[in-house]
1. Can you tell me the 0 to 90 degree angle between the C-alpha axis of helix B:80-91 and the longest principal axis of chain B, rounded to 10?
2. If you rank B:141, B:16 by how much accessible surface each has, with a 1.4 Å probe, what is the order from largest down?
3. How many Å² of accessible surface get buried when A and B come together, counting both sides, probe radius 1.4 Å, rounded to the nearest 100?
4. Mind jotting down the distance between the C-alpha centroids of segment B:102-136 and segment A:53-118, whole Å?
5. Mind putting a number on the dipole of chain A about its Cα centre? Charges go on the C-beta only, +1 for Lys and Arg and -1 for Asp and Glu, and I need it in Debye to the nearest 20.
6. Pairs of lysines 8 or more apart, or on different chains, with alpha carbons under 18 Å: count those in the protein assembly as shown, would you?
7. Mean shadow of segment B:6-51, computed from the convex hull of its alpha carbons, in nm²?
8. Suppose we look only past 23 Å in the calculated P(r) of chain B. What percent of the Cα-Cα pairs does that tail hold?
Amino acid sequence: MEFDLLSQQLINSYQRDFPLCDRPFLKLAQQFGVSEQQVLTTLKTLKKNGVLSRLGPVFNHQQAGSSTLAAVAVPANDIDRVAEIINNFEQINHNYAREHHYNLWFVVTAPTPEDLTQALTDIGDATACEVLILPMEKSHHIDLSFTVCFKPVMEQVS
Amino acid sequence: MMTLSADQQAGLFAAIEQGLPLVERPYLALAEQLAISEMAVISTIESWQTQGLIRRFGLVVRHRKLGYQANAMVVWDIAAEDTERVADLLAKEEVVTLCYERPRVLPHWRYNLFCMIHGKSREQVLKQLADICQRHQLNKITKNVLFSTKAYKQRGGRYAATANGA
């Protein structure tokens, strides 16, 4: 996927500190010397491409509710089916296949610890798997913003 | 200034965790949806940031779609007295995006420190990891690298307790 200059600027400048004012996209537009509509169109395109998951908050898990990393070990030829069962739980936000005996790794979030425990029990029942539960005990680095190294900057395509 | 009721705050929380609408006045759009003022939306989000409930506010991107196909969860089995020191070293590394302590679950799971490294290829990630281990003399620590092979789901956490918040 190629990214025009404005996409690159938005991605690398605004993973944090998005303006809190009545016309935030206008503020970005002025900074980058483009129109407000160009900023909106670019973001909509990124959204449509799936590059932009959303424009909004990343919550501090510990303050916002209850969450944990969890894993199950499933036969390789059954992983898509089990992943689908797990995905169907509303409490799942990340779900990855990984190379290990525990080959399906997911993050479960819930409003309260009780809801979280219930969700984990339900997932165990629905998948007939023993769930490895690995809650965060201490965070040493929680900043998810990430500088993206783009290939040499392309001429802006308008 | 901020006079939202608990219900209104819960409503705003549920609305923004889905992401801002991509319109000229996104906070006004949320305000109208929740029947509160634009100013209340902005000042409430501001206060959540100040309180640390919101860790960051902005574009949440999918690494894979940006060419960062290799995503490795590196897990370490570190003695208790060494964990803090190593974790802090790892956390300072540019390529490490997360660094968490988690419990061991013996006998199934022996690793107590987790970090995430994103890269454009498996080779690049392994090279970065080897470099980190060498610079900080971490080669003696038992570790394992779990590359992801498929993302079945990747989205923000949903904490709002609304039953219809799907």
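The values are calculated or read from the model by the stated rules, or taken from the named source; none is laboratory data. Computed from a prediction, not measured in an experiment: that's the story for all the values here. No Cβ is skipped: glycine too gets one built from the backbone with ideal geometry, and neighbour counts run over all protein chains shown. All accessible areas refer to the heavy atoms of the entire protein, side chains included, with ligands and DNA or RNA removed. Shrake-Rupley method; radii C 1.70, N 1.55, O 1.52, S 1.80 Å.
1. With rounding to tens, the tilt is 60 degrees.
2. B:141, B:16
3. 7600 Å²
4. Cα centres, segment A:53-118 to segment B:102-136: 20 Å.
5. It works out to roughly 660 debye.
6. The result is 16.
7. That works out to 3.1 nm², a quarter of the Cα hull's surface.
8. The share of Cα pairs beyond 23 Å in chain B comes to 55 percent.
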